[in-house]
1. Could you grab me the full set of residues in segment 253-270 that are part of a loop (DSSP other than H, G, I, E, B) and of a type in the set (D, E, K, R)?
2. Free of Cβ contacts under 8 Å to residues at least 40 places away in the same chain and assigned to a loop (DSSP other than H, G, I, E, B), is that true of Asp280?
3. Which one of these does Thr156 not meet: (1) surrounded by 21 or more Cβ atoms within 10 Å (Cβ to Cβ); (2) farther than 21 Å from Arg25 by Cα?
4. Looking only at segment 106-130, filter to residues that are farther than 18 Å from Cys210 by Cα and β-branched (Val, Ile, Thr); which one of those is surrounded by the most Cβ atoms within 10 Å (Cβ to Cβ)?
5. Of all residues being among the aliphatic types (A, V, I, L, M) and at pLDDT below 90 in segment 54-82, which is nearest to the chain's Cα centre (by Cα)? Just the residue, please.
6. Considering only residues of segment 72-105 that are in a strand (DSSP E or B) and of a type outside the set (Ser, Thr, Tyr), which is surrounded by the most Cβ atoms within 10 Å (Cβ to Cβ)?
7. Among residues belonging to segment 182-234 that are within 13 Å of Val157 (Cβ to Cβ) and among the charged types (D, E, K, R), point out the one that is farthest from the chain's Cα centre (by Cα).
Amino acid sequence: MANNDAMPWETLLTLPASVVRRYGRFVVADLKEPCLVLSTSARNGGQVGHVLHIVNHQSCEGAGHIERARFITDRGQEAYHDGVCDELGLPSDATVVMGTAANMQYAALSTRQDDDVMVAAVVTAGVQTNATCAGDPAGWRETSNGTAQAAAVAGTVNTILLVNRPLTPAALARTVVTMTEAKSAALQRLAVPSCYSSDLATGTGTDQFCIAAPSRGDRPLTSASPHMKFGEILALAVREATAEALRWQNGLEASYTRGIFHALGRYGIKEPTIFDELGDRMPASELELLRRNAKAVFYEPLVGAAAHATAAVLDRVRHGTLPESVARDAVVQQAATLAASVSAQPDRWVEFRTQLHTSGASDPKALILDALALGWREKWRRR
């Protein structure tokens, strides 16, 4: 077993019942009193009462780390768990472990308190390559021969949630629901797209969590419902920490998400291909000018507003809020706003709507590209 004391640990958070520390690829929460722990850990997972340490660690890099992935797979989850604990000098039978490609230096902490109830959330998060919406097509299947993998994935939201008051088993289970809803709310606020469908993401395919609350004490909390103050503060802590972790790991701060690629990427408007797709819609000189000023144009606030509005309309059509019969007209109206915003000529909205309506383009992506080209062309055309 490794010498844990030899590592120069940094203390991130000190609470009455726990201490959170970090070194290199590891974040560890040490529990100073007996706790009821609920976790997704491969070993000691589920609801247990004997855990003393919670570990979150970077188990691999986010892309191309095939050798490391093979190392973990070949050893198996149980043996890998033991290896992590041995490296940290922790007892494997009293430790729960989470793994991720996220950098532990980006771990985000948020604490909240109401009266004598305190919660602390410690989150690492990455969503760029593995974000999913619940119900998306899956690439893995458990069979009698084990787990069949269709594709490698990376990107995970890992949450450590520490509570200072005892919870009934029912309240502990409800905490998972509220915590998960809070994580999804953070992704919703950032309009994180699924990597596997046209929907907004609700999480990733490899999200993990560990919740710890004292197992002894007077008057255990009986509900983590959002109607209860405990539910409110745990949700706020998780939401804040998730958003902060995404800000550092993926650069997903709110202002960045205004761009058209973030808003409309799930409908085919992608940064790597947009100039090729606009190439047959405008002269080469205009395209080059747009290329040189792309960030100023594609991240302009009103352009971003129109792009997000367009995505919202397309979502409503897909989900049946709006009838398919009005889909094209609804998209044309939003595309006209997009063109007017790019051109900085909102007074020409009716004119742009008419042009786009008669353009012949039928699918939403073509209408959006036509709107971008129209707006850019008209911005500098002398009237």
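1. Quick first cut of segment 253-270, residues part of a loop (DSSP other than H, G, I, E, B) only: 253, 259, 268-270.
Selection gives Glu253, Lys270.
2. Numbers: free of Cβ contacts under 8 Å to residues at least 40 places away in the same chain: yes; assigned to a loop (DSSP other than H, G, I, E, B): yes.
Criteria met by Asp280.
3. (2) is the only condition that Thr156 fails.
4. Filtering segment 106-130 for residues that are farther than 18 Å from Cys210 by Cα and β-branched (Val, Ile, Thr), the one surrounded by the most Cβ atoms within 10 Å (Cβ to Cβ) comes out as Val127.
5. Narrowing segment 54-82 to residues among the aliphatic types (A, V, I, L, M): 54-55, 63, 66, 69, 72, 79.
After this cut, where a residue has to be at pLDDT below 90 as well, the list is 63, 66, 69, 72, 79.
On the way: Ala63: 17, Ile66: 23, Ala69: 22, Ile72: 24, Ala79: 29 Å.
Within segment 54-82, the match that is nearest to the chain's Cα centre (by Cα) is Ala63.
6. We begin by selecting, within segment 72-105, every residue in a strand (DSSP E or B); these are 95-100.
Filter again for of a type outside the set (Ser, Thr, Tyr), leaving 96-99.
Values: Val96: 29, Val97: 31, Met98: 25, Gly99: 23.
The selected residue is Val97.
7. Asp207
Yes/no matrix, rows are residues, columns are (1) of a type in the set (Val, Ile, Thr); (2) surrounded by 15 or more Cβ atoms within 10 Å (Cβ to Cβ); (3) farther than 20 Å from Leu200 by Cα:
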| residue | (1), (2), (3) |
| --- | --- |
| Arg291 | no, no, yes |
| Pro301 | no, no, yes |
| Ala305 | no, yes, no |
| Thr310 | yes, yes, no |
| Val331 | yes, yes, no |
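The values are calculated or read from the model by the stated rules, or taken from the named source; none is laboratory data. These numbers were taken from a predicted model, which means no experiment stands behind them. Backbone-built Cβ (ideal geometry, glycine too); neighbour counts: all protein chains shown.
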